1. All but one of (1) surrounded by 13 or more Cβ atoms within 10 Å (Cβ to Cβ); (2) polar (S, T, N, Q); (3) closer than 23 Å to Gly183 by Cα hold for Thr82, so report the exception by its number.
2. Could you say whether any residue in segment 116-126 is part of a loop (DSSP other than H, G, I, E, B), modelled with pLDDT under 90 and not hydroxyl-bearing (Ser, Thr, Tyr)?
3. Here is a list: Leu47, Leu60, Leu106. Which entry is in contact (Cβ under 8 Å) with a residue 40 or more places away in the chain, in contact with a helix residue (DSSP H, G or I) (Cβ under 7 Å, 6 or more places away or on another chain) and more than 20 Å from Gln161 (Cα to Cα)?
4. Looking at segment 138-146, can you tell me whether even one residue there is surrounded by fewer than 16 Cβ atoms within 10 Å (Cβ to Cβ), among the basic types (Lys, Arg) and either assigned to a helix (DSSP H, G or I) or modelled with pLDDT of 90 or more (or both)?
5. I need a count of the residues in segment 123-154 that are touching a Phe, Trp or Tyr at 6+ places or on another chain (Cβ under 8 Å) and of a type in the set (D, E, K, R).
6. Suppose we keep only residues that are of a type outside the set (D, E, K, R) and exposed (fewer than 15 other Cβ atoms within 10 Å of the Cβ) within segment 92-108. Which one would you say is modelled with the highest pLDDT?
Amino acid sequence: PAAAARPVAVGDVVEQMRQRVPALRILAQVRAGCLAVALTDADERRLRAAGADDAFVADLRASCVAAAPTSALVDSSGGLITPRVLQMQRACEQGDAVVCDSVAELYVEGIFAPKNRSRAADFLFAACAAGRTPSCTRAIDVLDASAEAADQQRAALVLTQRCEVDAPGGCRRLGALYQRGRGVPRDAE
């Protein structure tokens with residue numbers, strides 16, 4: 001079986017031209033595998049310096065360009081976020097509350113995204129704002145379980161706000177935080 005055609009780099013085209021490979025053969029390779037990247041003005045100058053004429057450059061410009069490989073993103077803490085998680089984050093930002101819950105769990109567990117309870121809570125609060133009440137409670141659970149003082153303080157702040165509007169259980173949970181001194185000064189009474 002024939003090997004699958006791979007994208008052709010401009011440097012490979014230039015090298016083949018220097019080796020006097022026929023232009024039609026080079027173009028056949030490009031048509032079979034596309035160019036690795038779109039031609040730049042600098043690439044065009046390199047091609048012309050190697051002997052390419054206007055018609056050859058025009059044929060290369062008109063050829064397909066391979067899709068850029070999707071790679072993971074490195075976040076500010078140095079953790080990798082996979083393309084699928086990035087796609088899910090965009091869906092969450094566009095209002096898909098169910099996906100917000102799913103993204104949050106990936107951050108809680110550190111699967112395909114760095115383990116980050118604060119970031120997980122952001123997605124859970126987005127789902128909460130979209131009307132998914134269980135996500136509100138889960139966000140507080142995630143923050144309360146964090147070892148980070150800032151996360152615990154955020155949980156206490158949210159519970160204070162919920163208590164002020166008489167949200168069920170908000171005041172009770174806030175009282176428990178005061179008893180344990182998590183995110184608020186300890187008050188055993």
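The values are calculated or read from the model by the stated rules, or taken from the named source; none is laboratory data. Everything numeric in this text was worked out from a predicted model, so none of it was measured. Cβ coordinates were reconstructed from backbone atoms using ideal geometry, including for glycine residues, and neighbour counts include every protein chain displayed.
1. (3) is the only condition that Thr82 fails.
2. Our first condition is that a residue be part of a loop (DSSP other than H, G, I, E, B); within segment 116-126, this holds for 116.
This time we only want the ones that are modelled with pLDDT under 90, so: none.
No, because not a single residue in segment 116-126 is part of a loop (DSSP other than H, G, I, E, B), modelled with pLDDT under 90 and not hydroxyl-bearing (Ser, Thr, Tyr).
3. On the way: Leu47 fails: in contact (Cβ under 8 Å) with a residue 40 or more places away in the chain; Leu106 fails: in contact (Cβ under 8 Å) with a residue 40 or more places away in the chain.
Only one candidate qualifies: Leu60.
4. Checked segment 138-146: no residue is surrounded by fewer than 16 Cβ atoms within 10 Å (Cβ to Cβ), among the basic types (Lys, Arg) and either assigned to a helix (DSSP H, G or I) or modelled with pLDDT of 90 or more (or both).
5. Taking segment 123-154 as the starting set, the residues that turn out to be touching a Phe, Trp or Tyr at 6+ places or on another chain (Cβ under 8 Å) are 123, 135-136, 139.
Now narrow it down to the ones that are of a type in the set (D, E, K, R): none.
The qualifying residues number 0.
6. Val98
Conditions tested, residue by residue: (1) over 20 Å from Cys92 (Cα atoms); (2) touching a residue at least 40 places away in the same chain (Cβ under 8 Å); (3) surrounded by fewer than 17 Cβ atoms within 10 Å (Cβ to Cβ).
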position	(1), (2), (3)
Gly110	no, no, yes
Phe125	no, no, no
Gln161	yes, no, yes
Gly175	yes, no, yes
